[in-house]
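Report on the following structure.
The values are calculated or read from the model by the stated rules, or taken from the named source; none is laboratory data. Predicted, not measured: the structure shown is a model, and the values here were computed from it. Reconstructed Cβ throughout: ideal geometry from the backbone, glycine too, with neighbour counts over all protein chains shown.
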Amino acid sequence: MGIIVSSIDYILNNARANSLWPLTFATSCCGIEMMQTVASDNDIARFGSEVFRGSPRQADLLICAGTITHKMAPVLLRLYEQMAEPKYVIAMGACTCGGGMFCDTSYSVIKGIDKIIPVDIYLPMCPPRPEALLDAIRKLQKKIKSETILDRKKFVDSHTSNLMESKDILVLKQKEQQS
C-alpha cells in the first residue's frame, strides 16, 4: 500500500511543482522586478507559471513583493485564506522579509510577513533581480517535489499557532468585521 501512496504523491507533486499559478501581491518597487520576470528575457513560462492570476481562488502561489503595512495585513491574510490548498508563499524583497529600510523609521511597517502568513521561500534582496525570483521558484519546485501532503499540513499547522497573534493585526481584523 505504501508503494501506491508514494507513487501517487510523486505524480501529484510533479504536476503541482511544474504548474504553479502565481497570485501577485506587489505593493512597491519589487513589483517591477516581478513584472520583468514575465518578460521574454527571463521567461517564467518555462516553469509553468506564465499567467499571473487575478483571483486568489485560481492561484496556489503567492508572490508577495514589497512593503507590508499594518493596513495591508488583513487584505494579505484574506487573499491567503482564499487561495486553494496546498498554497505556497514566496516573500520577495527585504521589506517583505523583515521590514527593510523602513522597519526602524516607520511605525506602520510590519517586520516580516511571516507574522501574518507562513512563508516557504525568502528572497531578501533590495530589490531582487528576476534571476533571483526564478531561482526561488526552482527551489520551491524542488521543495514541492520532495514533500508529502501530510508534511505540508504539519508545516502550515506549525505556523498558524504563531500567526495573527499580534495585537495590531487582531484589532484591524476586528474593525474590519464590525464594518
Near pairs, Cβ below 6 angstrom, 6+ apart or cross-chain, from segment 41-69 (among the small types (Gly, Ala, Ser)) to any residue that is part of a strand (DSSP E or B): 49/22; 59/23; 59/53; 65/26; 65/92; 66/26
Within segment 80-96, residues being modelled with pLDDT of 85 or more and surrounded by 20 or more Cβ atoms within 10 Å (Cβ to Cβ) number 11
Unique residue being farther than 13 Å from residue 92 by Cβ, modelled with pLDDT under 80, small (Gly, Ala, Ser) and crowded, with 20+ Cβ neighbours inside 10 Å when the list is 49, 40, 7: 49
Does segment 88-107 include one or more residues that are in contact (Cβ under 8 Å) with a residue 24 or more places away in the chain and among the acidic types (Asp, Glu)? no
